[in-house]
Amino acid sequence: MEAEEVLTWLSRLSSRDRELAPLPERLCLACVAVTGADGGAITVEYTGQERMTLFATDWVAARLEDLQEVIGEGPGWDAHDEDEAVIGALGQTASWPSFTPAALQELGSVWVCAAPIRAAGGRIGVLTLYWAKTQPTDPDPSAVQFLADVVGAAFYQSTEEDLVEQLPWFSRVLIHQATGVVVAQLSVPVEDAMALLRANAYATGKDLNAVAEEVLSRELAFDSTHVGRGDTS
């Protein structure tokens, strides 16, 4: 598919339901439709404390993002760090020794392509698409990179006043609050507290939001010698 044709498709699809769905959702769904992927996700601030998945099409896409955040490796990390699109089939690459077995156990074999979302001369996030069971018909990383660049331009030039209000900030607020609790409990830097939350999520098979909720409800407590169930009284 030529670039102009891709832009036409993307513009047409992303303009649908303007009043009903936020821009990240419309753009992500449009990218999935254009590429024939089974699902996808858009995550911003990929390596920072403000990291957030703006939209995931389904549970598989959301879990791919969560596992990569918790484990700290995967196609999205490579795409962001190398500033280029990355594609591969889980189980057929040795690039992600911790992420691959965890993803295979939960999701089975899928093809994944991740591309950095660029805007204003920098990387602002990652677009990740997946294909279940079968290899994508056109596994060209440059095509996905082109879409990711269009997404970045759309975000940067957006005039939708309610874009920020439509984003799922609340779930990230819980993680920040839980990180602060761990900092207070252990007197460690924020980065170390976040690493402990991620490690607990990985060890228990939960997502970060679930672990954060347990910390805030005092069901889970950290101290200098162990991690255990907190005081729920």
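So, R0 is 22 Å and r is the distance between the beta-carbons of S142 and Q92; what FRET efficiency does that work out to, to 0.05?
0.60
Enter the accessible area per residue of the stretch 63-147 (Å², integer; probe 1.4 Å; all protein chains in place).
40
Compute the distance in nm between two label points, each set 7 Å from the Cα along the Cα-to-Cβ direction, one at D58 and one at A33.
1.7
Quick one: what are the phi-derived ³J(HN,Hα) couplings along the stretch 190-200, Karplus 6.51/-1.76/1.60 with θ = phi - 60°, whole Hz, x for glycine and proline?
4, 4, 5, 5, 5, 4, 5, 4, 5, 5, 5
GluC sites (Glu not before Pro), restricted to the stretch 58-154: which are DSSP loop and have at most 14 other Cβ atoms within 10 Å?
Filter output for the stretch 58-154: E84.
Using a ≥ b ≥ c from the Cα gyration tensor of the stretch 64-142 (square roots of the eigenvalues), is it rounded, prolate or oblate, where a/c under 1.5 gives rounded and otherwise the larger of a/b and b/c decides, a/b for prolate?
Oblate is the answer for the stretch 64-142, as a/c is 1.5 or above yet b/c matches or exceeds a/b.
Simple spin-label model, 7 Å along Cα-to-Cβ: T47 to A203 in nm?
2.7
Taking the Cα-to-Cβ direction at S109 and at E73 and moving 7 Å from each Cα, how far apart do the two end points lie in nm?
Spacing of the two 7 Å Cα→Cβ label points: 2.1 nm.
In what sequence, highest mean first, do 43-50, 114-121 appear when ranked by Cβ atoms within 10 angstrom?
In descending order of packing, they fall as 114-121, 43-50.
What does the C-alpha gyration tensor say about the overall shape of the stretch 21-85? Classify as rounded when a/c is under 1.5, otherwise prolate if a/b is larger than b/c, or oblate.
prolate
Of all accessible surface on the stretch 32-80 at a 1.4 Å probe, what whole percent is carbon and sulfur?
Of all accessible area on the stretch 32-80, carbon and sulfur atoms account for 49 percent.
For V173 and D192 in one chain, what is 0.36 nm times their gap in residues minus the Cα-Cα distance, to one decimal in nm?
5.1 nm
The values are calculated or read from the model by the stated rules, or taken from the named source; none is laboratory data. From a predicted model like this one, the values you see are computed outputs, not experimental measurements. Neighbour counts are summed over all protein chains in view; Cβ atoms, including those assigned to glycine, are modelled from backbone coordinates with ideal geometry. Surface areas here come from the heavy atoms of the whole protein model, side chains and all, with no ligands, DNA or RNA. Shrake-Rupley method; radii C 1.70, N 1.55, O 1.52, S 1.80 Å.
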